[in-house]
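K.L.:
Please read through the structure below; I'll follow up with questions.
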Amino acid sequence: MTGPQPREDGLWQRARAIFAPVAGDVPACDVALLGVPGHLTSLSPTRADATPAAVRDALRRYSTWSTAHGVDVATLTACDLGDVPAPDGPDGETRVAQAVGRAREAGLLIALGGDNSITYAVARERVRDLSTAGLITVDIHHDLRDGASNGSPVRRLIEAGLPGDRVAQIGIADFSNSPAYAQRARDLGITVVPLQDVLEGDLGSIVTGALDVAGSGGGAIHVDIDVDVCDRSVAPACPASAPGGLSAAQLRRLAFLLARDPRVTSLDITEIDATADAPDGRTVRLAALLVLEAMAGYRTRTVPE
C-alpha cells in the first residue's frame, strides 16, 4: 500500500490485528481468512496472486467498528490460515480443498483471490453436498465457459452436481457476455439479475430474492464476489471492470447483506490484480472493506440491526 501508515492508538484497534495466524489445526472460530492466489489460468494476464497479501496489509488501515450497524467485529474470533501454495499448479485444487477443509469449524470462510477460478475449489469443498447447496455470484460475467479458467467456475460447479436452478447471478452486464453463454444460463435454469436492475433497484430485495433461489435446497450457500462488477473508476485493478458498474458503496452493502444470512457459510473476493491498482490502492482497499462488511454481516446474525 502507498502512503504513510496511521499512527498507533490504543483506543483504535486495527482490523488486521484481530486475525490470529493459524499454521496447524484450526480451532473453532467465527471467521477464517484464507488466501488463494490463483492466477495462471486467467483469460486476461493478471498478477492476482499478489492480492491476498495486499488486502491483509490494507486491513491495517481500518478499524473494527461498524457505525451503521452498531457492531464491533473485534468481538468475533477470527483466524488467518495464510495462503494456499500454488493453487493453480499441479494438484493445486487438492491443496485448496485441504486448506478449506481445515476451516470446517469456522462459521464463515472468506477466501481472498486470486482470480475467479478459485471459486470452484473453494465452494465445492466448503458446501460439501452440492446437491443441496446454492451459489450466488456478484459478477458481470456468467462464468460458464468451457475448460478450466477464471471464466468457468459456475459451469464446473454445475457439472459437479450443483443444480443450475439454485444459482443466482447478480450484476450480469451488457457487452460482457455472448448470446451463447446467455442461452447456456437460461438452459441451466440460472436466475439472472442484470446489472441495470441492480443499479436501479433495491439491494435488500435483490439479495432476498437471490437467497431464496440459492437456499431453496436447504443446504449451504457460497457467495462469489467478483470485484469487476464495480465501475472502472472504483476498481481499476480488475482487468475486466468497465465504466457503468456498481459503486463501492453498493458492493459493500451487498457483501454485508449476503453475509448476514446464516445459510451463507463461505464467500470469496476475486479478480483484483494488486500490482495494477491506482496509486492510492483504491481497489485493494475496497477488498479489505468487503472483508469487514462481511464480518459485520456475520456479527449481526446474533445482534440484529
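K.L.:
Within the stretch 204-224, how many residues are buried (at least 22 other Cβ atoms within 10 Å of the Cβ) and of a type in the set (Asp, Glu)?
P.N.:
Counting residues in the stretch 204-224 that are buried (at least 22 other Cβ atoms within 10 Å of the Cβ) and of a type in the set (Asp, Glu) gives 1.
K.L.:
Could I ask something else about it? Yes or no: Cys79 within 20 Å of Ser266 (Cα to Cα) and outside any strand (DSSP E or B)? Break it down stepwise before answering.
P.N.:
Numbers: within 20 Å of Ser266 (Cα to Cα): yes; outside any strand (DSSP E or B): no.
Criteria not met by Cys79.
K.L.:
Could you say which residue among Ala103, Ala123, Ala74 is in contact with a His (Cβ under 7 Å, 6 or more places away or on another chain), closer than 26 Å to Thr300 by Cβ and either surrounded by fewer than 24 Cβ atoms within 10 Å (Cβ to Cβ) or not basic (Lys, Arg) (or both)? Lay out the reasoning, then the answer.
P.N.:
On the way: Ala103 fails: in contact with a His (Cβ under 7 Å, 6 or more places away or on another chain); Ala74 fails: in contact with a His (Cβ under 7 Å, 6 or more places away or on another chain).
None of the others qualify; the one that does is Ala123.
K.L.:
Now a separate question. All but one of (1) in a strand (DSSP E or B); (2) closer than 17 Å to Ala294 by Cβ hold for Ala168, so report the exception by its number.
P.N.:
(2)
K.L.:
Return the residues of the stretch 138-154 that are touching a residue at least 60 places away in the same chain (Cβ under 8 Å) and of a type in the set (Ser, Thr, Tyr); say none if nothing qualifies.
P.N.:
Ser149
K.L.:
Is it fair to say Gly147 is assigned to a loop (DSSP other than H, G, I, E, B), in contact with a His (Cβ under 9 Å, 6 or more places away or on another chain) and surrounded by fewer than 24 Cβ atoms within 10 Å (Cβ to Cβ)? Lay out the reasoning, then the answer.
P.N.:
On the way: assigned to a loop (DSSP other than H, G, I, E, B): yes; in contact with a His (Cβ under 9 Å, 6 or more places away or on another chain): no; surrounded by fewer than 24 Cβ atoms within 10 Å (Cβ to Cβ): yes.
No, not satisfied.
Yes/no per residue for (1) under 26 Å from Pro239 (Cβ atoms); (2) more than 19 Å from the chain's Cα centre (by Cα); (3) free of Cβ contacts under 8 Å to residues at least 60 places away in the same chain; (4) not in a helix (DSSP H, G or I):
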site: Ala28; (1), (2), (3), (4): no, yes, no, yes
site: Thr51; (1), (2), (3), (4): yes, no, no, no
site: Pro87; (1), (2), (3), (4): yes, no, yes, yes
site: Leu112; (1), (2), (3), (4): yes, no, no, yes
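K.L.:
If you don't mind, another one. Determine if the stretch 281-294 includes at least one residue that is among the basic types (Lys, Arg), modelled with pLDDT of 95 or more, touching a Gly at 6+ places or on another chain (Cβ under 6 Å) and within 23 Å of Ile18 (Cβ to Cβ). Talk me through it step by step, then tell me what you get.
P.N.:
Taking the stretch 281-294 and keeping what is among the basic types (Lys, Arg), we get 282, 285.
Next, from what is left, pick out any that are modelled with pLDDT of 95 or more: 282, 285.
If we keep only those that are touching a Gly at 6+ places or on another chain (Cβ under 6 Å) as well, we get none.
Taking every residue of the stretch 281-294 in turn, none turns out to be among the basic types (Lys, Arg), modelled with pLDDT of 95 or more, touching a Gly at 6+ places or on another chain (Cβ under 6 Å) and within 23 Å of Ile18 (Cβ to Cβ).
K.L.:
Kindly indicate which of Val213, Val192 is of a type in the set (A, V, I, L, M), over 28 Å from Val84 (Cβ atoms) and assigned to a helix (DSSP H, G or I).
P.N.:
Details: Val192 fails: assigned to a helix (DSSP H, G or I).
It is Val213.
K.L.:
Would you confirm, using the coordinates I've provided, whether Arg102 is among the basic types (Lys, Arg), under 14 Å from Leu33 (Cβ atoms) and under 17 Å from the mean Cα position of the chain (by Cα)? Before the answer, list the steps.
P.N.:
Details: among the basic types (Lys, Arg): yes; under 14 Å from Leu33 (Cβ atoms): yes; under 17 Å from the mean Cα position of the chain (by Cα): no.
No; evaluated as a whole, the condition is false for this residue.
K.L.:
From Ala99, Ala103, Ala58, Ala86, which residue is among the aliphatic types (A, V, I, L, M) and over 27 Å from Arg252 (Cβ atoms)? Let's see the steps before the verdict.
P.N.:
Details: Ala99 fails: over 27 Å from Arg252 (Cβ atoms); Ala103 fails: over 27 Å from Arg252 (Cβ atoms); Ala58 fails: over 27 Å from Arg252 (Cβ atoms).
Being among the aliphatic types (A, V, I, L, M) and over 27 Å from Arg252 (Cβ atoms) holds for just one of Ala99, Ala103, Ala58, Ala86, which is Ala86.
The values are calculated or read from the model by the stated rules, or taken from the named source; none is laboratory data. Predicted model, so just to flag it, every value in this text is computed and none were measured. In this analysis, Cβ positions are derived from the backbone assuming ideal geometry, glycine residues included, and neighbour counts consider all displayed protein chains.
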